[in-house]
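**Q** The following block contains the structure, expressed as structure tokens.
The values are calculated or read from the model by the stated rules, or taken from the named source; none is laboratory data. The model shown is predicted, which means the values in this text are computed figures rather than measured ones. Reconstructed Cβ throughout: ideal geometry from the backbone, glycine too, with neighbour counts over all protein chains shown.
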Amino acid sequence: MCKARRTVSNVARRALSTASQDYAAGLTDEQVEQYRRDGYVALEGFASREECAGLMRRMGMIVERFDPAEQRSVFSTRKQKSDDYFMRSASGIGYFLEEGALGADGELTVPKDRAINKVGHALHDIDPEFRSFSRSERFQGVLRSLGYAHPTPVQSMYIFKQPGIGGEVVPHQDSTFLWTDPRPSCVGLWLALEDADEGNGCMWFAPGSQEQGVGRRFVRAEGSGGPVTFDRDVPPEYTSADLVPVPVPAGTLVLIHGEVLHMSKENTGTRSRHAYTLHVVEGGEGYTWSPENWLQRDDALPFEPMY
């Protein structure tokens, strides 16, 4: 069970920040305090609905390039696995299907744009529109407020949370997968492109759980070229009472501490829940990207700090 717990009422009152804030100028002291205390904070109005619609249109164009006949890699957080396609996506744009999108014969049961779980993991460096958005002054202002000297984006994902088949994301800590030595420094920046609520699989958090530290890591067992596995077969400890839902309107950016426990349930409803997630680590002096991480870039596409 998580030792640090907040009441639902207290979290609900302070989870959502005020709209119309100039995020390029940074966060308020209260927002930083919420992030440090609870492990997350929701920033309403970070992006306009028009900007969200533009990113969704751009992703529609990217999905058009995907040929399911050439590659069918299924993504599941319950069955963490790695294949060559998954590993190569660290330096590219990969397409990963929902478990429920394939029939017994291995064929898609829905159109391809309704079959994809996520697209990742280097959108922020490869696609011009996602790169420009991900490195905007708004993101830089937020990260300066959190104390990052050289914030370095290492992973980006466009998550579809498809209606009816959108898979569960089990409780986890982002630093399990994205580790820096000698200590973790990951922050997730999760942007709701559509309204997210309990009906379409919004985010859930265990407030204060980051105080427990990282319970396990997802590592390459034999160095940079080896298979990937958890270093300990001990999943995070929690109860359902530890987790609270955080529904947000489109355009809200949720900052996620790398060590806070969070999840999302299956989307069994009729509405999708598109989101764009960027993961950033400290790339400044005293921090090193772990060679044991699953995500390792090709020499041709090195990590690039925002500032």
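**Q** Among the residues of the range 128-158, write down those that are out of contact with any helix residue (DSSP H, G or I) (no Cβ under 7 Å at 6 or more places or on another chain) and farther than 21 Å from ALA25 by Cα.
**A** Result: PRO128, VAL154, GLN155, MET157.
**Q** Please find, among ARG88, ARG144, the residue that is surrounded by fewer than 19 Cβ atoms within 10 Å (Cβ to Cβ), in contact with an Asp or Glu (Cβ under 9 Å, 6 or more places away or on another chain) and charged (D, E, K, R).
**A** ARG88
**Q** Is there a residue being under 27 Å from TYR158 (Cβ atoms) and either among the charged types (D, E, K, R) or exposed (fewer than 15 other Cβ atoms within 10 Å of the Cβ) (or both) anywhere in the range 200-207?
**A** no
**Q** Looking at VAL219 and the list (1) assigned to a loop (DSSP other than H, G, I, E, B); (2) modelled with pLDDT under 95, which single condition is not satisfied?
**A** Unmet for VAL219, out of (1) assigned to a loop (DSSP other than H, G, I, E, B); (2) modelled with pLDDT under 95: (1).
**Q** Considering the range 128-153 alone, what residues qualify as being more than 15 Å from the chain's Cα centre (by Cα), part of a helix (DSSP H, G or I) and more than 20 Å from ASP22 (Cα to Cα)?
**A** Result: PRO128, GLU129, ARG131.
**Q** Which residue pairs have Cβ atoms under 7 Å apart, sit 6 or more places apart or on different chains, and have a first residue in the range 42-61 that is surrounded by 22 or more Cβ atoms within 10 Å (Cβ to Cβ) and a second that is at pLDDT below 95 and part of a loop (DSSP other than H, G, I, E, B)?
**A** ALA42/ALA15; ALA42/SER17; LEU43/SER17
**Q** Also, quick follow-up: Is at least one residue of the range 211-218 on the phi < 0 side of the Ramachandran plot, of a type in the set (Val, Ile, Thr) and free of Cβ contacts under 8 Å to residues at least 60 places away in the same chain? First the steps, then the outcome.
**A** To start, the set of residues in the range 211-218 that are on the phi < 0 side of the Ramachandran plot comprises 211-212, 214-218.
Add one more test, that the residue is of a type in the set (Val, Ile, Thr), and what stays is 214.
Then keep just the ones that are free of Cβ contacts under 8 Å to residues at least 60 places away in the same chain; that gives 214.
Checking the range 211-218: at least one residue is on the phi < 0 side of the Ramachandran plot, of a type in the set (Val, Ile, Thr) and free of Cβ contacts under 8 Å to residues at least 60 places away in the same chain.
**Q** Here is a further query. Which members of the range 1-36 meet the condition of being crowded, with 17+ Cβ neighbours inside 10 Å and at pLDDT 95 or above?
**A** Passing the criteria: TYR23, GLY26, LEU27, GLN31, VAL32, GLN34, TYR35.
**Q** A further question follows. Considering each residue of the range 35-50, count those that are under 19 Å from the mean Cα position of the chain (by Cα) and either of a type in the set (A, V, I, L, M, F, W, C) or part of a helix (DSSP H, G or I) (or both), and give that number.
**A** Number of matching residues: 8.
**Q** Hey, could you check the range 255-293 for residues that are out of contact with any Cys (no Cβ under 7 Å at 6 or more places or on another chain) and polar (S, T, N, Q) and say which is surrounded by the fewest Cβ atoms within 10 Å (Cβ to Cβ)?
**A** THR270
**Q** Among the residues that make up the range 285-304, is at least one of them of a type in the set (Val, Ile, Thr), within 27 Å of GLU168 (Cβ to Cβ) and touching a residue at least 24 places away in the same chain (Cβ under 8 Å)?
**A** Initial filter on the range 285-304 (of a type in the set (Val, Ile, Thr)): 288.
Narrowing further to those that are within 27 Å of GLU168 (Cβ to Cβ): none.
Among the residues of the range 285-304, not one is of a type in the set (Val, Ile, Thr), within 27 Å of GLU168 (Cβ to Cβ) and touching a residue at least 24 places away in the same chain (Cβ under 8 Å), which makes the answer no.
**Q** While we're here: Can you name the residue in the range 294-307 that is closer than 25 Å to VAL228 by Cα and not acidic (Asp, Glu) and, of all such residues, is surrounded by the fewest Cβ atoms within 10 Å (Cβ to Cβ)?
**A** Ranking the candidates gives ALA300 first.
**Q** A further question follows. Which of the following residues is closer than 28 Å to GLY54 by Cα and either modelled with pLDDT of 95 or more or not basic (Lys, Arg) (or both): THR229, THR239, THR252? So that I can check it myself, show each step before the final result.
**A** On the way: THR229 fails: closer than 28 Å to GLY54 by Cα; THR239 fails: closer than 28 Å to GLY54 by Cα.
None of the other options fit; the residue is THR252.
**Q** May I pose another question? Does GLN71 count as part of a loop (DSSP other than H, G, I, E, B), at pLDDT 90 or above and surrounded by fewer than 19 Cβ atoms within 10 Å (Cβ to Cβ)? Spell out how you get there, then give the answer.
**A** Working: part of a loop (DSSP other than H, G, I, E, B): yes; at pLDDT 90 or above: no; surrounded by fewer than 19 Cβ atoms within 10 Å (Cβ to Cβ): yes.
It is false that GLN71 is part of a loop (DSSP other than H, G, I, E, B), at pLDDT 90 or above and surrounded by fewer than 19 Cβ atoms within 10 Å (Cβ to Cβ).
**Q** Take the residues of the range 111-127 that are among the acidic types (Asp, Glu) and either in contact with a Pro (Cβ under 8 Å, 6 or more places away or on another chain) or part of a helix (DSSP H, G or I) (or both): which is farthest from LEU27 (Cα to Cα)?
**A** ASP113
**Q** Just give me the residues in the range 222-241 being touching a strand residue (DSSP E or B) at 6+ places or on another chain (Cβ under 6 Å) and not in a strand (DSSP E or B), in sequence order.
**A** Residues satisfying the conditions are GLY226, PRO227, ASP231, PRO236, TYR238.
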